[in-house]
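Each remark here refers to the structure printed beneath this line.
Derivation of every value follows stated rules applied to the coordinates shown; laboratory data play no part. Just so we're clear, the structure is a prediction, and the values are computed from it rather than from any experiment. Methodologically, a virtual Cβ is constructed for each residue, glycine included, from the backbone with ideal geometry; neighbour enumeration extends over all protein chains shown.
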Amino acid sequence: MKRFVIGLAALLGLVAIASAQVVTTRNFPEGAQVNNVTPSADFTTGAAAISLTAISGKWNYICGFTVTTGGTTAATTPMVCHSAQAFSLTADGVIAHANSGMRIFVCSIVMIAAAAENISVVEGSGSACATGKIGVIGGTGGTMSVAATGGFSSVAAFPWISSSVAGNALCLDKSGAGNVSGVITYRGAP
């Protein structure tokens with residue numbers, strides 16, 4: 001609940017730079033609803049506070065928004081992950097491939113190590129992301145220590161982390177020869 005409140009506060013902080021209407025885009029439970037957004041300034045300086053008026057007895061969601069020039073806000077569809085890739089590796093290797101010009105946005109990842117070792121998720125190009133290697137979860141060279149039959153998991157409905165360079169693959173970087181198995185859900189986007 002604490003993470004939800006912090007996330008909601010951050011989202012509302014981002015909304016504070018726009019003045020318009022926010023439209024939910026999912027048909028849950030009664031279709032798209034327009035929520036009133038009340039400006040507190042004329043937005044000539046690019047900063048103002050707004051308030052969202054919830055509808056009593058209804059589901060109220062902020063699904064996404066885009067700030068456009070002129071201070072208007074358009075609803076956007078939240079990014080969801082549509083690709084899943086299982087992996088089972090005994091050496092460094094690719095766990096998610098990127099198309100040219102696309103970054104990889106990760107929704108969920110589960111990794112279980114058969115033996116105690118250090119693991120990381122990195123991005124880069126070439127064999128096992130060896131060229132231009134950048135740490136994504138942990139550092140390069142396997143920096144998160146896991147016990148035998150231990151691992152790492154993060155499961156989310158929407159992306160929470162991404163590669164930083166378009167075209168880079170995501171790879172498992174590990175310190176030992178034990179098997180690390182898991183699954184990653186992701187999507188490619190510019």
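For GLY139, the amide hydrogen comes within under 5 Å of the amide hydrogens of MET144, counting only partners 5 or more places away or on other chains and with H modelled in the peptide plane.
Taken along the Cα-to-beta-carbon direction at a fixed 7 Å, the label points for THR131 and ALA86 span 3.1 nm.
Using each residue's phi in region 93-100, evaluate 6.51 cos²θ - 1.76 cosθ + 1.60 at θ = phi - 60° and report the 3J(HN,Hα) Karplus result to the nearest Hz, with x for Gly and Pro. In residue order, the calculated couplings are x, 6, 10, 8, 8, 10, 7, 4 Hz. In terms of overall dimensions, the C-alpha atoms belonging to region 83-189 reach 37, 31, 19 Å along their principal axes, ordered largest to smallest.
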